[in-house]
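Enquirer: Here it is, the structure, as C-alpha cells.
The values are calculated or read from the model by the stated rules, or taken from the named source; none is laboratory data. Everything quoted here is computed from the prediction, not taken from an experiment. Glycine also receives a Cβ, built like all others from the backbone with ideal geometry; neighbour counts cover every protein chain displayed. All accessible areas refer to the heavy atoms of the entire protein, side chains included, with ligands and DNA or RNA removed. Shrake-Rupley method; radii C 1.70, N 1.55, O 1.52, S 1.80 Å.
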Amino acid sequence: MSDTSPAKRQETTSPAENAVELIDITKRFGAFVANERVNLRVKRGEIHAIIGENGAGKTTLMNILFGLLQPDEGRIVLNGRETIVTDPATAIDAGLGMVHQHFKLVPSLSVADNVFLGMEIRRNGLIDQAAQIEKTRELSERFGLKVEPQERVSLLSVGIEQRIEILKVLARGARTIILDEPTAVLTPQESRELFQTLRGFVADGMTVIFISHHLEEVMEVSDTVTVLRHGKHVATRPTAELTKDDLVRMMVGRNVSFDRRRRTKTAGEVVLDVKNLWARDERRLPALRDASFTVRAGEIVGIAGVAGNGQTELAEVLAGLRPASHGSAMLKGRDLTALTPAAIRDAGFAHVPGDRMVRGVDGSASISSNLLMGRQFKAPWSRNGVLDWDGVAKQAVEMIKRFDIRARGPEDTVKRLSGGNIQKVVLAREFTNDADFLLIDQPTRGVDIGAQESIHDEIMRQRAAGRAVLVISVQLDELLTLADRILVMFNGRIMGEVEGDSADSERIGMMMAGLNASAASEVAA
Amino acid sequence: MEILDKLLNVALLVATLRTTAPILLVALGGSFTTKAGIFNIGLEGQMLVGAFFAVLGSIWSGSALIGVACGVVAALVFALAFAVLVVSFRANEVVVGLALNILAGGMTISLMKAIFGTRGSIVGQKIVGLPKVQIPGARDLLGSWAPLVSGYTPMVYVAFVAVPFLVLFYKRTRLGLYIRVVGEKPEAAEALGISITRVRYTASLLCGLLAGLAGAHLSLGYITMFTENMSSGRGFMAVAILIFSAGDPLKVLAGCLLFGFADAFSLRLQTFGFPSYLILAVPYLVALVALFALSYRSRPRIIRETLESMKKMLSVETKPAETGNNLPR
C-alpha cells in the first residue's frame with residue numbers, strides 16, 4: 001500500500017484491500033471463448049498491468065469490468081462489495097473510470113465542454129461555461145494534467161487529448177482508472193509524462209489498471225503484472241520479481257528471440273531497379289528526392305528512417321498510387337511509374353501497405369473476401385469468369401491455418417479482428433500471389449510479440465524462396481533482425497547504405513538524423 | 001442611375017426580408033437535423049403539408065392561429081414518420097426524404113380534390129390570413145425606413161428572432177450541445193450515455209416544427225391561398241444552404257438572405273420587361289453558383305480521389321513527352 005495521509009484514506013469508500021476483484025470470469029462469443037475462468041485481483045493503490053498478445057482477452061475482460069459486456073459466468077467484486085455491472089453507469093458509480101484506446105472527444109467543443117459532456121454544470125437552464133472552465137482548471141492543477149480549458153479539442157495533439165480523456169474520468173469521481181493501451185498513440189516523451197501522472201494517482205491512493213503489450217513500459221511503471229494468454233489467466237506477480245524474458249515467455253508460452261536471423265547469402269539477379277526517382281507530396285513539394293537502389297532476388301532490403309521522411313511516398317510511387325515526377329523503377333524490365341496499380345500487381349508486385357485499414361483490407365468484409373481481393377478473375381478462385389465461393393472458402397480456411405489467423409472462421413468480419421490478425425490477413429493474401437517482388441511497409445505496426453515473430457518468420461521464408469523483398473519500417477530493431485542491407489532515408493533522400501550483418505544502430509541513427517554516410521561513420525567512430 | 005434607384009431602394013430590402021423568411025424558417029428547422037447528423041431532404045414535403053393544413057385549419061376554425069397550429073401538427077407528423085424510418089429503422093435518408101416529399105405533393109393534391117373538389121388551388125374569403133404586425137412608433141422614429149422593421153406578418157419576425165436564439169441554443173443549452181455531439185461524434189455520445197436515438201428524434205421534431213411554421217407562412221402570410229406544390233423548391237434551397245453552412249445558424253441566415261435577395265431582385269426585374277421565365281430562374285442559378293463556389297473546396301473525398309486518379313491516368317499517358325522539363329530541383 002502507498003503512504004497516503006489519513007485524510008486521503010478516509011476518502012476511499014471502503015476499507016477493502018482489493019479495489020477490483022474479478023472471479024472466474026468466462027465470456028464466449030459464439031464458439032469462441034474470449035475469457036475462460038479468468039481471475040484478476042487488483043490491490044488498492046497499485047499500478048496493475050495486464051499484458052497479453054492481441055486477442056488474449058485483455059480488452060474483453062476490461063469491457064466486462066466496465067459494464068460494456070456481460071460475462072457468461074463469474075462474479076465481480078468492487079471495493080469489497082459484489083456488484084453486477086449492468087452498464088458503464090454502474091461502473092462509474094462504483095468509482096471506476098475507463099480511458100479507451102480510441103478517444104471519444106468532440107473536436108469542435110472546448111476542453112472544458114468535453115470534460116463535462118454528459119454532466120454539464122447548469123445555471124438558469126443554460127450551461128455555465130465559466131464554472132466548467134474553472135472546475136476543469138482545478139482538476140487539471142490538482143492532478144498535474146496540464147490543459148487549457150478554453151481551447152478547442154480539434155487543435156490539440158494526441159497526448160493532450162489523452163489528458164482530457166483522463167480528466168473526464170476524474171471529473172466523474174473515479175478512484176480506479178482503467179487505461180487501454182494508453183501509450184500506443186504517444187511519443188516517448190508523452191509516455192513518460194503519462195507515467196508520472198499515473199504514479200501521482202497511486203500516491204494519492206487511487207488505483208490504476210493498465211493494459212499493454214509493450215514490455216518495457218510494463219517493467220517501468222507497474223507494481224504488479226497479470227498475464228493473459230488465449231483468454232486464460234497465466235500468472236499474477238509483482239513486477240519486481242520478473243524480467244522481460246519471463247514476461248515474453250508467459251505471454252507467448254515459449255521463448256521468442258529477436259536476434260538477427262541467420263541466413264545464407266542467396267542474392268541473385270536484380271528484380272527491382274530504382275533510378276533517380278522523385279515524387280511530390282500533397283503540398284506539391286518534393287518528398288522523395290533522387291532515390292536510386294536495387295533489390296535482388298533472395299534479398300531483404302530495409303528502409304530505415306524517422307516516419308515522414310519520404311518512405312510513404314516511395315512506397316506509394318512503387319505501388320502506382322502516386323505519380324513519380326522523375327525517374328524510373330524497373331521491375332524485371334517494366335517501368336512501374338508508367339503502370340496502373342492493377343498492372344503493377346500483374347507484373348509480379350505484392351504490397352503490404354503501411355496503413356492496413358485504409359489500403360490493406362476492407363474492414364467490413366469477411367476474411368475470405370479480403371483474401372480473395374485482387375485475384376477474383378483467376379483460378380482457383382474463379383472459373384470461366386464466375387466466382388467459385390466454395391473454392392474461395394477452402395482457400396481461406398487453408399490460409400487462416402497457415403498464417404495462424406485467430407478468428408472464428410473465414411466469414412468473420414475483418415474489422416472485428418485484432419491488429420495483428422488483420423495484418424496476417426494482408427500478409428496471407430500478398431504472400432500467396434507468387435509475386436517476385438514484395439513491398440512490405442511497416443510489417444509489424446501495432447502487432448504483438450508472438451505475431452511479430454511469426455510475421456518475421458514468414459518474411460524470411462519469402463526470402464528463402466527467392467523473392468526480392470523491400471521492408472520499410474520505423475522500427476530499427478526490426479530491420480536489424482531482417483535486412484541484408486539497410487538504406488537510411490532522411491528528408492526524402494537516401495543518406496547511405498549499411499550491410500545488415502555489420503550494421504550498428506548508432507551509425508544508422510546518425511544518418512536518420514540527417515548526417516550523410518561518411519560523416520556518420522566518422523562521428524560514430 | 002435612375003434605373004438603379006428604381007431597382008435598389010427600401011422596398012427591395014423589405015421584399016428581400018419578406019422572401020427570405022420562409023426559406024430561413026425551414027432552413028433553421030433543417031439546421032437541427034443537419035447538426036444531429038441527419039441529411040434531411042424531406043424539408044420540402046414538411047413545408048408543403050404545413051402550408052396545406054394551415055389553410056385547412058384556418059377555413060375550418062376561422063382562426064389564423066389555429067390554422068398555423070394545424071400546419072405545424074401536420075409537418076410534425078411528417079417529421080415523426082421521417083424519424084421513425086431513418087432513426088429507428090435506419091432507412092436511407094435520401095430515399096425516405098424523397099418518398100415523403102412525393103407523398104406530400106400527391107397527398108395535398110388529392111385532398112384538395114376530395115375536400116374542395118378543385119384542382120390547382122384553394123382560394124377564398126373563408127381563409128383567414130395572419131395579421132400584419134405594426135410596431136408602434138416605428139413610423140415616427142424611422143420615417144420612410146419604417147417598413148424595414150414594421151408591418152410584416154408574424155412569421156417573419158419569428159424567423160429572424162430565431163437566429164440568435166439558435167446560436168445560443170447550440171452554444172449554451174444541454175440539448176443543443178447534445179445535438180451537436182450526436183452529429184459530430186456519435187460514439188462520444190454513446191460512451192457518455194447520451195441516447196442518440198432520443199436526440200435525433202428531438203432534432204427531427206424541432207425541424208418539423210419550424211418547417212410547419214414556414215409552410216403556414218407561405219399559405220397564410222402575404223397571400224392567403226394554397227396552390228399545388230406551393231413550396232416550389234424552397235425546401236430544396238434550404239437543403240442546399242444547409243449543405244454549405246453545416247447547419248450553423250449565422251451562415252444559414254447569410255445563405256437565406258442571398259436567396260431572398262435574388263428572389264426579390266428577380267421579381268423587381270420583371271417590372272422592367274425581362275422575360276419572366278428567365279427571371280424566375282435567377283434564384284436557382286444563384287443557388288447553383290453559390291453551392292459550387294462554397295463547396296468546391298470541401299468536395300467529398302471520393303470525388304477528389306476520383307479526380308486525382310483521372311489526372312494520374314492522363315499524366316501517365318502524356319508522360320513520355322514531358323519528362324525532359326519537369327525536374328523538380
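Enquirer: Mind grabbing the interface size between A and B? I mean buried accessible area, both sides, 1.4 Å probe, in Å² to the nearest hundred.
Expert: 2500
Enquirer: Same structure, new question: With a 1.4 Å probe and every protein chain left in place, work out the accessible area per residue of the range B:2-318 in Å², rounded to a whole number.
Expert: For the range B:2-318, the solvent-accessible area averages 48 Å² per residue.
Enquirer: For the range A:141-263, what proportion of DSSP beta bridges, expressed in % and rounded to the nearest 5, is antiparallel?
Expert: 55
Enquirer: Count charges around residue A:58 for me, please; just the other residues with Cβ under 13 Å from its Cβ, Lys/Arg as +1, Asp/Glu as -1.
Expert: -1
Enquirer: Determine the dipole magnitude for the range A:361-433: charges of +1 sit on the beta-carbon of Lys and Arg, -1 on that of Asp and Glu, nothing else is charged, the reference point is the Cα centre, and the result goes in debye to the nearest 20.
Expert: Dipole of the range A:361-433, to the nearest 20 debye: 120 debye.
Enquirer: With each label point set 7 Å from Cα along the Cα-Cβ vector, what nm distance links residue A:307 and residue A:265?
Expert: Output for this residue pair reads 3.7 nm.
Enquirer: Can you tell which of A:380, A:287, A:510 lies farthest toward the positive end of the dipole of chain A, using +1 and -1 charges on the Cβ of basic and acidic side chains (Lys, Arg; Asp, Glu)?
Expert: Toward the positive end, the furthest listed residue is A:380.
Enquirer: Considering only protein heavy atoms, with the full assembly of protein chains and a 1.4 angstrom probe, order A:128, B:248 by accessible area, largest first.
Expert: Of A:128, B:248, the descending order of accessible area is B:248, A:128.
Enquirer: Next up: Where Lys and Arg each count +1 and Asp and Glu each count -1, what net charge lies around residue B:167 among other residues with Cβ under 13 Å from its Cβ?
Expert: After counting each charged neighbour, the total is +4.
Enquirer: With charges only on Cβ, +1 for K and R and -1 for D and E, what is the dipole size of chain B about its Cα centre, in debye, rounded to 20?
Expert: 460
Enquirer: Averaged over A:473-481, how many beta carbons belonging to a partner chain fall within 10 Å of each residue's beta carbon?
Expert: Other-chain Cβ atoms within 10 Å of each residue's Cβ, averaged: 0.
Enquirer: Further question on the same structure: Taking the full set of protein chains and a 1.4 angstrom probe, give the accessible area of residue B:66 in square angstrom, rounded to the nearest 10.
Expert: 80
Enquirer: Between the range A:311-367 and the range A:497-516, what is the C-alpha centre distance in whole Å?
Expert: 27
Enquirer: For the full complex of protein chains and a 1.4 angstrom probe, list B:135, B:122 by accessible area with the highest value first.
Expert: B:135, B:122
Enquirer: Only four residue types carry charge here, +1 at the Cβ of Lys and Arg and -1 at the Cβ of Asp and Glu. Report the dipole size of the protein assembly as shown about the Cα centre in Debye, rounded to the nearest 20.
Expert: About 1960 debye.
Enquirer: Also, I was wondering about something else. Among DSSP bridges having both ends in chain A, what percentage is antiparallel? Round to the nearest 5.
Expert: Percentage antiparallel, nearest 5: 55.
Enquirer: Going highest first, how would you order B:201-211, A:447-457, A:323-333 by mean Cβ packing within 10 Å?
Expert: Most protected by this proxy first, the peptides run B:201-211, A:447-457, A:323-333.
Enquirer: Here is a further query. What average number of partner chain Cβ atoms lie no more than 10 Å from the Cβ of the residues making up B:190-201?
Expert: 3
Enquirer: Going 7 Å from the Cα of residue A:72 along its beta-carbon direction, which residues of the range A:193-233 have the amide nitrogen within less than 18 Å of the resulting point?
Expert: Under cut-off, by backbone N: A:229-233.
Enquirer: Which value in deg cm²/dmol, rounded to the nearest 500, describes the helix-derived mean residue ellipticity at 222 nm for chain A, given -39,500 (n - 2.57) per DSSP H run of n ≥ 4 and division by the residue count?
Expert: -9500 deg cm²/dmol
Enquirer: Highest first, please rank the peptides A:83-96, A:344-357 by the mean number of other Cβ atoms sitting within 10 Å of their residues.
Expert: Result, highest mean Cβ count within 10 Å first: A:344-357, A:83-96.
Enquirer: Whole-Hz Karplus ³J(HN,Hα) for the range A:493-500, in order, using 6.51 cos²θ - 1.76 cosθ + 1.60 and θ = phi - 60°, x for Gly and Pro?
Expert: Each residue's phi maps through the Karplus curve to give 10, 8, 7, x, 10, 10, 6, x Hz.
Enquirer: Quote the accessible area belonging to residue B:112 in square angstrom, nearest 10, computed with a 1.4 Å probe and with ligands, DNA and RNA left uncounted.
Expert: Per-residue accessible area (residue B:112): approximately 0 Å².
Enquirer: Just checking the output field for B:168-181: average partner chain Cβ neighbours within 10 Å of each residue's Cβ?
Expert: 4
Enquirer: Sorting A:154, A:364 by accessible area (1.4 Å probe), largest first, what list results?
Expert: The most accessible residue leads, giving A:364, A:154.
Enquirer: Give the residue from B:195, B:160, B:277 lying farthest towards the positive end of the charge dipole for chain B; charges sit on Cβ (+1 for Lys and Arg, -1 for Asp and Glu) and the dipole is referred to the Cα centre.
Expert: The one lying farthest along the dipole's positive direction is B:195.
Enquirer: Further question on the same structure: Given the DSSP H assignment, sum -39500 (n - 2.57) over each helix run of at least 4 residues in chain B and divide by its residue total; what's the result at 222 nm in deg cm²/dmol, nearest 500?
Expert: Computed ellipticity for chain B at 222 nm equals -23500 deg cm²/dmol.
Enquirer: Now for a separate question. Residue A:484 accessible area, nearest 10 Å², 1.4 Å probe?
Expert: Surface accessible to solvent at residue A:484 totals approximately 20 Å².
Enquirer: If you don't mind, another one. Within the range A:361-433, what whole-number % of the accessible surface is contributed by carbon and sulfur, with the 1.4 Å probe and all protein chains included in the calculation?
Expert: Roughly 52 percent of what the probe reaches on the range A:361-433 is carbon or sulfur.
Enquirer: Provide a list, ordered by number, of residues in the range A:98-112 showing at least 30 Å² less accessible area with every protein chain present than when their chain is taken on its own, using a 1.4 Å probe.
Expert: Buried by the other chains: A:104, A:106, A:108, A:109.
Enquirer: Might you tell me the accessible area per residue for chain A, computed with a 1.4 Å probe and given in Å²?
Expert: Per-residue value: 43 Å².
Enquirer: In whole Å, largest first, what are the principal axis extents of the Cα atoms in the range A:361-433?
Expert: 36, 21, 18
Enquirer: Hey, another quick one. Just name one of A:432, A:368, A:420: the one whose Cα is farthest towards the positive end of the charge dipole of the range A:361-433 (beta-carbon charges, Lys/Arg +1, Asp/Glu -1).
Expert: About the Cα centre, the residue reaching furthest to the positive side is A:420.
Enquirer: Another question, then. Report the label-to-label distance for residue A:246 and residue A:390 in nanometres (one decimal), using points 7 Å from each Cα along the Cα→Cβ vector.
Expert: 5.5
Enquirer: Place the peptides A:432-443, A:64-75, B:15-26 in order of packing, highest mean first, counting for every residue the other Cβ atoms within 10 Å and averaging per peptide.
Expert: Ranked from most to least packed, the peptides come out as B:15-26, A:432-443, A:64-75.
Enquirer: Roughly how many whole Å is it from the C-alpha centroid of the range A:401-429 to that of the range B:91-116?
Expert: When both Cα centres are located, 48 Å separates them.
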